[in-house]
Each structure stands twice: as C-alpha cells, then as structure tokens.
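The structure under discussion appears below in the form of structure tokens.
The values are calculated or read from the model by the stated rules, or taken from the named source; none is laboratory data. Worth saying up front: this structure is predicted, and the values here are computed from it rather than measured. Here Cβ is always computed from backbone atoms with ideal geometry, including for glycine, and neighbour counts include all displayed protein chains. Only protein heavy atoms, including side chains, enter the accessible area calculation; ligands, DNA and RNA are left aside. Shrake-Rupley method; radii C 1.70, N 1.55, O 1.52, S 1.80 Å.
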Amino acid sequence: MAWAVLVLSGVLEAVWATALGASNGFRKAVPTIVFVAGMALSMIGLAFAMTAIPVGTAYAVWVGIGASLTVVVAILRRQEAASVARVALVLGLVACVVGLKVVS
C-alpha cells in the first residue's frame, strides 16, 4: 500500500511541477490551483509512505518519479528538446528508482 501511494505521490509531483511552470508566476488561476492541490496531495502521500518506507528511499523514489515524468511531459509537449543523451539519462534515473524498490 505504501509503495502504491508513493508512486502516486511521485506522479503528483510531476503534475504540480508542470502546473507551476504553466502558472506563469502564479498569474494564471487554473494552473495555480492545480499546483496547490497537486503539491498538497503529493506531500500528504509522501508523508504517509514514509511511515512504512525509509525516509531516504521514499524521498529518492518520489523525486525520481517526479523528475522523470516532468522531463517526459516537457519533451512530449515540445517544451524541451529530446536528445539521445537526455532520454538515456532519464532512463538511468528510472532504473535507479526501480533499483531502490528492488533492494528495499
């Protein structure tokens, strides 16, 4: 259960990070609301997951999922360029997250 909540919280991290970028410095209402709601839910989920998963592992997995998905969303929206190096590094980050789950 804690791992599922942690993964969902990592996805929500990507949601709030993307919304933060779209909020234009909190000048756009809808992305700002999505940012606040996504951040709150993401943090609540992370806090819950940390009751069953060691803090360092939980935080690393949460950040890894959020960072990876944020980059992928930016590439898919053509806000950032996709390159072989960038894709390889994101895949490496995903591999590290999976590795942390495997050894936990």
- Query: Would segment 28-35 turn up any residue that is assigned to a helix (DSSP H, G or I) and among the polar types (S, T, N, Q)?
  - Reply: yes
- Out of curiosity, is residue 38 closer than 23 Å to residue 104 by Cβ, touching a helix residue (DSSP H, G or I) at 6+ places or on another chain (Cβ under 6 Å) and surrounded by 16 or more Cβ atoms within 10 Å (Cβ to Cβ)? no
- Message: Within segment 55-89, take every residue that is of a type in the set (S, T, N, Q) and assigned to a helix (DSSP H, G or I) and give me the one that is nearest to residue 35 (Cα to Cα).
- Response: 70
- Query: What tally of residues in segment 46-98 results from selecting those that are surrounded by fewer than 11 Cβ atoms within 10 Å (Cβ to Cβ), closer than 18 Å to residue 3 by Cβ and over 17 Å from the mean Cα position of the chain (by Cα)?
  - Reply: 1
- Quick one: what pairs do we get from segment 78-93, first residue over 10 Å from residue 68 (Cβ atoms), second not acidic (Asp, Glu), C-beta under 6 Å, 6+ apart or different chains? 80/74; 82/75
- Just to be sure, is residue 23 modelled with pLDDT of 95 or more, over 15 Å from the mean Cα position of the chain (by Cα) and open to solvent by less than 20 Å² (accessible area, probe 1.4 Å)? yes
- Message: Give all pairs with beta carbons closer than 6 Å in which a residue from segment 4-30 that is under 19 Å from residue 73 (Cβ atoms) meets a residue that is open to solvent by less than 30 Å² (accessible area, probe 1.4 Å) and of a type in the set (A, V, I, L, M); count only pairs at least 6 apart in sequence or on separate chains.
- Response: 9/46; 10/65
